[in-house]
Amino acid sequence: MKRQKTVYEAAIDHGFSRRDFLKMCTALAAALGLEFTQSEQVVKAMETKTRVPVVWLQFQDCTGCSESFIRSSQPKTESVLLEMISLEYSEVLSAPSGHQAETSMKQVLKNYKGEYILAVEGSIPDDDAFLTVGGQSAKATFLEMAAGAKAIVAYGSCSSWGGIAAAHPNPTGAKPVTSFVKDTPTILVPGCPPIAEVMTGVIAHIITFGKLPELDQFGRPKAFYRHRIHDKCNRRAYFDAGLFVENFDDEGAKQGYCLYKVGCKGPTTYNSCAEMRWNGGVSYPIQSGNPCFGCSEKDFWDNGPFYTRRAKIPGTQTTINPDNVGLAVVGLAAAGVTVHAAGTVIKKKLDDKRGEEHE
Amino acid sequence: MGAPKLPIQTPGPFPEIPAINSENSYHKDEPIIYTTMENDVKVYVWELPVRLYHWINAAAIILLMVTGIYIGKPFAGAGIPEEAYYSNLMGWARYIHFFTAFVFTAAFLYRMYWCFVGNKFAKFNPFRWVFWKDTFHTIKFYLFLKNKKPHFVGHNPLALLSYWIFNYLGSVIVILTGFFMYFEPQKETIWAKMFAWVPYIFGNSFTMRSWHHLTAWAFMLFIVLHVYLAFRDDYLERCGSISSLFTGYKTEPKKAVGEKHDK
């Protein structure tokens, strides 16, 4: 096997200057949440590390995550695809198809066992009948490729939590990757889709440091999922002031008030939308006037309508308006109490009377 | 003894020991201390910490509910369009909610401590057959059925159960979920780490808020039943239930405590 090119060599080969390369490394360090002094570490890693083989598997998905990935601005998608990683198998981007494509996947398993990164997009059905690619069930393909992978990167809410396919009543038995593998280290990058820079940033981190980024209790990289949208929101001042959009066509909506009352899930959503924003930092849903619906949170698809605030009855898929239900229950109790009180008074009067008769 | 005290039962002679019930059979070493009046006795039932807890808790629940409803669904706001820097309505609602939450938690912890060191009316032991027998008769009493509910100087067992389920368990749920949410934005702090295990029981942020919100309404349901039954008890038993919440003393018929400890 011939010697692999380093990321730096690959960049120079593609006509980038050293200056461009350093600029890319500095920007990458910033995207990874590193200090400026640490960008040297990134440069060193890119000069010495070879490109990482990546196998990108798609299961029950909509290709939205791939679409997001190819819109990364920092690092640029082409530099990720051409310099940092060597995309060995991808249903969307690879030139070969059919048996050729399937063969290249098997080649990776043989040549790069324990070295390649397995990117997974989409949930995996428990019932094989729902998804079979090239004559092999999704579950079998995944388990085969997961066993030899250095790490699994679960892109999107489907592969991280189950996603849309797992919505109640979940006909295909869709499950996240974590319910199939336990031994291979797994990073969850939820979002529907995840932010492009987050997707590339995770891979860049693995290349730079040779290990997984620091993960939170759910397995998401802390660098990108440690903050709530609500705490970084550009409309937060209106929340604290008690100024809310009541309808999408009212004055508050024009003024840019807080979208809390029209169902914004920012207070319960962990993602970097409010800091990194989308499409190269242009905007993000809340900035554009649409409430966040928490696409990177587990079960967001079953947590009730997007544009109202509701509460879920724990342990069920049912969401209710807690205040209406609470008021109804308290009202019923008050009515019951009134009847009971009347009964008590009548019974006491009757008993007292009977007592007098006995005397 | 039935719900109303029938006048045909002439007072005295009082039994040496009142019939065994879940109250006087628990902590026999702590006799009920009372001062005798004509046919009645005055009993010190609610100690000062218990009364303080009761009223601090009640005030805190009301304040927490009002601010909590506002936080969950802001029902008021500026009538005219204005900039954010003129008002801080949600900010204040949250501030009051959080401040009261700390008071609520402190009062709750103190009450839990008093379960160990307080008098026998401040304690609770459901692991006895007689407790559940008395509970059953109390339910029958509330349903206007023929019953053998003994007279209780302190809480009746059904009331005790309702406090443990609605009030204490409810408090634990709102305190745990509440503090998790309070420290949620500062995940790296020691405070947040103290509550980092809460999601394993109550689920993610959204489900956590649902628990918090629905439990708050359970408190409201409890208040309706609790206040009604307290006044009902005062009306039927005439032993000063309501005033005892301020003074601590209840006026009981002698036969409820027996003459054993008469001085």
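Results, tabulated for the structure shown:
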item: Percentage relative contact order, the range A:227-320, counting C-alpha pairs under 8 Å, at least six apart; result: 27
item: Footprinting exposure proxy for B:208, A:276 (fewest neighbouring C-beta atoms within 10 Å first); result: A:276, B:208
item: Average Cα contact separation per residue, chain A, under 8 Å, 6 or more apart, as relative contact order %; result: 13
item: Shielding by partners - mean other protein chain Cβ count within 10 Å, residues of A:112-121; result: 0
item: Per-residue HN-Hα couplings for the range A:168-177 [Karplus 6.51, -1.76, 1.60; θ = phi - 60°; Hz; x = Gly/Pro]; result: 3, x, 6, x, 8, x, 5, 9, x, 4
item: A:184, B:36, B:100 arranged by Cβ crowding within 10 Å, fewest neighbours leading; result: B:36, A:184, B:100
item: Dipole of the range B:144-221, positive direction: furthest Cα of B:199, B:158, B:218, with charges on the beta-carbon; result: B:158
item: Among beta bridges that DSSP assigns inside the protein assembly as shown, antiparallel share in %, nearest 5; result: 50
item: Exercise: per-residue mean of other protein chain Cβ atoms within 10 Å, A:336-348; result: 4
item: Amide H contacts under 5 Å for residue A:73, placed H, 5+ residues apart; result: A:197, A:280
item: Residue-averaged [θ]222 nm for the protein assembly as shown, counting only DSSP H segments that reach four residues, each worth -39500 (n - 2.57); result: -14000 deg cm²/dmol
item: Packing-based ranking, highest mean first, of A:155-162, A:35-42, A:115-122 given that Cβ atoms within 10 Å are counted; result: A:155-162, A:115-122, A:35-42
item: Antiparallel %, DSSP beta bridges [both residues in chain A], to 5; result: 40
item: On Cα atoms only, tilt of A:18-31 relative to the major axis of chain A in degrees; result: 20
item: Per chain A, cysteines lacking a partner by the 4.7 Å Cβ criterion; result: A:25, A:62, A:65, A:158, A:233, A:258, A:264, A:273, A:292
item: Peptides ranked, highest mean first, by Cβ atoms within 10 Å: ranges A:57-67, A:104-114, B:65-75; result: A:57-67, B:65-75, A:104-114
item: FRET efficiency for residue B:168 and residue B:66, using Cβ-Cβ distance with R0 set to 30 Å, rounded to 0.05; result: 0.85
item: Residue (of B:171, A:156, B:239) at the positive-pole extreme of the protein assembly as shown, dipole from beta-carbon charges; result: B:239
item: The range A:317-325 - phi-based ³J(HN,Hα) in whole Hz, Karplus 6.51/-1.76/1.60, Gly and Pro as x; result: 9, 8, 10, 9, 7, x, 6, 5, 5
item: Euclidean distance between Cα centres, the range A:139-179 to the range A:308-359, Å; result: 48
item: Footprinting exposure proxy for B:181, A:46 (fewest neighbouring C-beta atoms within 10 Å first); result: B:181, A:46
item: Cα-centre dipole for the range A:59-203 with unit charges at Cβ (Lys and Arg positive, Asp and Glu negative), debye to 20; result: 240
item: Euclidean distance of C-alpha centroids, the range B:189-241 and the range A:48-83, integer Å; result: 49
item: Vicinal HN-Hα couplings computed from phi for the range A:103-113 (Karplus, 6.51 cos²θ - 1.76 cosθ + 1.60; Hz; Gly/Pro x); result: 5, 5, 5, 5, 4, 4, 4, 7, 7, 10, 4
item: Long-range HN-HN contacts of residue A:215 with modeled amide H, under 5 Å; result: A:222
item: Rounded FRET efficiency, nearest 0.05, which uses the C-beta distance separating residue A:357 from residue B:25 and R0 of 41 Å; result: 0.65
item: FRET efficiency for residue A:140 and residue A:253, using Cβ-Cβ distance with R0 set to 60 Å, rounded to 0.05; result: 0.75
item: Mean separation of Cα contacts under 8 Å, 6 or more apart, over the residue count of the range B:65-141: relative contact order %; result: 23
item: Peptide-level mean, for A:293-302, of C-beta atoms on other protein chains within 10 Å; result: 2
item: Beta bridge orientation in the range A:50-224: antiparallel %, DSSP, nearest 5; result: 25
item: Magnitude of the charge dipole, the protein assembly as shown, Cβ model with Lys/Arg +1 and Asp/Glu -1, debye to 20; result: 960
item: Amide H partners (placed H, <5 Å) of residue A:186, local residues excluded; result: A:152
item: Unit charges on C-beta of K, R, D, E only; dipole of chain A, Debye; result: 740
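Values quoted throughout were computed directly from the atomic coordinates according to the rules given, and no laboratory measurement underlies them. In this text, all values refer to a predicted model and were calculated from it rather than measured experimentally. Positions of Cβ are backbone-derived with ideal geometry, glycine not excepted, and every protein chain shown enters the neighbour counts.
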